[in-house]
1. Kindly establish whether G441 is part of a loop (DSSP other than H, G, I, E, B), in the same structural domain as F62 (by TED's automatic domain parsing) and out of contact with any Gly (no Cβ under 8 Å at 6 or more places or on another chain).
2. Can you report the number of residues in the stretch 132-161 which are outside any loop (DSSP other than H, G, I, E, B), surrounded by fewer than 22 Cβ atoms within 10 Å (Cβ to Cβ) and in contact (Cβ under 8 Å) with a residue 60 or more places away in the chain?
3. It is to be established whether one or more residues within the stretch 344-365 are part of a strand (DSSP E or B), out of contact with any Cys (no Cβ under 9 Å at 6 or more places or on another chain) and of a type in the set (S, T, N, Q).
4. Would you check if N359 is within 14 Å of the chain's Cα centre (by Cα), buried (at least 24 other Cβ atoms within 10 Å of the Cβ) and polar (S, T, N, Q)?
5. Within the stretch 102-131, can you find the residues that are outside any helix (DSSP H, G or I), among the aliphatic types (A, V, I, L, M) and surrounded by fewer than 22 Cβ atoms within 10 Å (Cβ to Cβ)?
6. Does W213 fit the bill of being part of a helix (DSSP H, G or I), touching a Pro at 6+ places or on another chain (Cβ under 7 Å) and of a type in the set (F, W, Y)?
7. Taking F62, is it in contact with a Leu (Cβ under 9 Å, 6 or more places away or on another chain), assigned by TED's automatic domain parsing to the domain that holds P439 and surrounded by 20 or more Cβ atoms within 10 Å (Cβ to Cβ)?
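The values are calculated or read from the model by the stated rules, or taken from the named source; none is laboratory data. None of the values given here were measured: they were computed from a predicted structure. Cβ coordinates were reconstructed from backbone atoms using ideal geometry, including for glycine residues, and neighbour counts include every protein chain displayed.
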Amino acid sequence: MKTLHTPFRPSLGWLPAAGIALSLLLFAAAVLAQQRLYVEAHIYITAPAPLQLIADKGFKAFEPLDQPDENYPTIMIDPDKTFQAIDGFGGAFTDATADVFAQLPKASQEKFLKECFDPVEGNGYTLCRTTIHSSDYSAGMYTYDDVAGDTELKHFSIDPDRKNRLPLITRAQARAKGNLRLFASPWSPPAWMKTNNDMLHGGKLKPEYRQAWANYFVKYIQAYAAEGLPIWGLTVQNEAMATQVWESCIFTATEEKDFVRDYLGPTLHQNGLGDVKVAIWDHNRGIMYQRAEIAYEDPEASKYIWGMAFHWYVGDHFENARMVHDAFPDKHLIFTEGSTRGTWQSAARLAKQCIMDLNNWTSAWTVWNMLLDEQGGPRHAGGLMGGTGINANLKTGELTFNPPHYVFGQFTRFIKPGARRIACTSNHDDFIATAFINPDGKIAVVLNNTADHEQIAQVWVAGKALKLSCPGNGVVTLTM
């Protein structure tokens, strides 16, 4: 597959006659080398029936088709129209994931690392989330400084992470060939910094500890960097309007904006960390525009904010992500958390959510826990609710790779960091799709047949079409 960009047009006036012919030959070769020849596509499928898990279906040829029929299910792409670039895909290094990983036999540990991080044999995750001290998916609550009133953070230490989390991230980074970026999110400041003196049940950051909390972020980034694990980005607060029975803290839009403007942003810059990406909100799409409006329309706050993070838990509201982009096109969108069950129904939800978010300007997409035990834990908050793509039986040491893992792989294995979304439309309600052109020039089209029965569809581009059979609730990736 080759690409036609702006054609090379050499100036021939100064060349001697003998060189003109050679120049013309070189010019013709350059044009031919840049033309995209849609000859065939490599097809991969994940579907429940018949069971297929990133199944390599080989190559299929394109055929000439000048004009698609509006009644024939068709995915139409235009590689010449490009949109946002991809920052990466991945999952979350929670304490639960790290603790379960540490209890696995070596062979299962290596299998997990390969399946998630290997850029050739696995899902090739390149951007992962982690938590700043404990979250609900930790065996217990802890912070890096539990000494009340320690505003100078003299007792700050990431020692709790050294047991399991740092070793896992370090091994994952190695398996990813060094191409793994991290962003971090806090669930709550230490209890002594909060109005309710409790890491749980919401509460707010006390005004007198805003600077200490900003310094806490800096200490965290510096400590991880000293471990050889640079932090690429931060979110200000996980689920900033949710009062939970686990670690949580409330920031209104104005409070979050003021904290970034007056404390977090300046403190990062003063410590040489101005390149760390700061994302606000980190919750559902429902009120994300209101959060964006408040933060981005304050120029002093906005200059510190890279973009907005969001989750999928209450309604779809995909159009809200697009509205945030359309109103503030210089800001980024990143999907930071979605819990999955180990079912095909959950896998179908993941496929739809990922496609729709990517088509609405999202530049990165990360699922929640990458690995949990057979009970869906450990989780100190109880009520095990956050599923995963991979479960471990800690009695046998065996891993179970669930459907969401493979469906996510239909995206992560074929859409690489730096890939740009290209124009991609569908004329059929049962088929949704997204398409990207990778840095190496290869195109990846991911389509989802949302109906529960097999259907024929075609992918059309530049006067050619490729017909293929799409299993019910199946995800198909074509590379060309």
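1. Working: part of a loop (DSSP other than H, G, I, E, B): yes; in the same structural domain as F62 (by TED's automatic domain parsing): yes; out of contact with any Gly (no Cβ under 8 Å at 6 or more places or on another chain): yes.
Considered against the rule, which asks whether it is part of a loop (DSSP other than H, G, I, E, B), in the same structural domain as F62 (by TED's automatic domain parsing) and out of contact with any Gly (no Cβ under 8 Å at 6 or more places or on another chain), G441 comes out as yes.
2. So the first thing to find is which residues in the stretch 132-161 are outside any loop (DSSP other than H, G, I, E, B), and the list is 132, 159-161.
Subset that is surrounded by fewer than 22 Cβ atoms within 10 Å (Cβ to Cβ): 159-160.
From what is left, the residues that are in contact (Cβ under 8 Å) with a residue 60 or more places away in the chain are none.
Of the residues in that region, 0 qualify.
3. Quick first cut of the stretch 344-365, residues part of a strand (DSSP E or B) only: 364-365.
Okay, now just the ones that are also out of contact with any Cys (no Cβ under 9 Å at 6 or more places or on another chain), so 364.
The next check asks that each one be of a type in the set (S, T, N, Q); those that pass are none.
No: the stretch 344-365 contains no residue that is part of a strand (DSSP E or B), out of contact with any Cys (no Cβ under 9 Å at 6 or more places or on another chain) and of a type in the set (S, T, N, Q).
4. Details: within 14 Å of the chain's Cα centre (by Cα): yes; buried (at least 24 other Cβ atoms within 10 Å of the Cβ): no; polar (S, T, N, Q): yes.
So N359 fails the test.
5. Within the stretch 102-131, the subset outside any helix (DSSP H, G or I) is 103-105, 118-131.
Remaining after also requiring among the aliphatic types (A, V, I, L, M): 104, 120, 127.
Once the filter is applied, which keeps residues that are outside any helix (DSSP H, G or I), among the aliphatic types (A, V, I, L, M) and surrounded by fewer than 22 Cβ atoms within 10 Å (Cβ to Cβ), the stretch 102-131 yields L104, V120.
6. Details: part of a helix (DSSP H, G or I): yes; touching a Pro at 6+ places or on another chain (Cβ under 7 Å): yes; of a type in the set (F, W, Y): yes.
When the stated conditions are applied, W213 passes them.
7. yes
For (1) under 22 Å from I415 (Cβ atoms); (2) outside the structural domain of P471 (by TED's automatic domain parsing); (3) surrounded by fewer than 17 Cβ atoms within 10 Å (Cβ to Cβ); (4) aliphatic (A, V, I, L, M), each residue gets a yes or a no:
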{"residue": "Y304", "(1), (2), (3), (4)": "no, yes, no, no"}
{"residue": "A351", "(1), (2), (3), (4)": "yes, yes, no, yes"}
{"residue": "C354", "(1), (2), (3), (4)": "yes, yes, no, no"}
{"residue": "S363", "(1), (2), (3), (4)": "yes, yes, no, no"}
{"residue": "G376", "(1), (2), (3), (4)": "no, yes, no, no"}
{"residue": "G389", "(1), (2), (3), (4)": "yes, yes, no, no"}
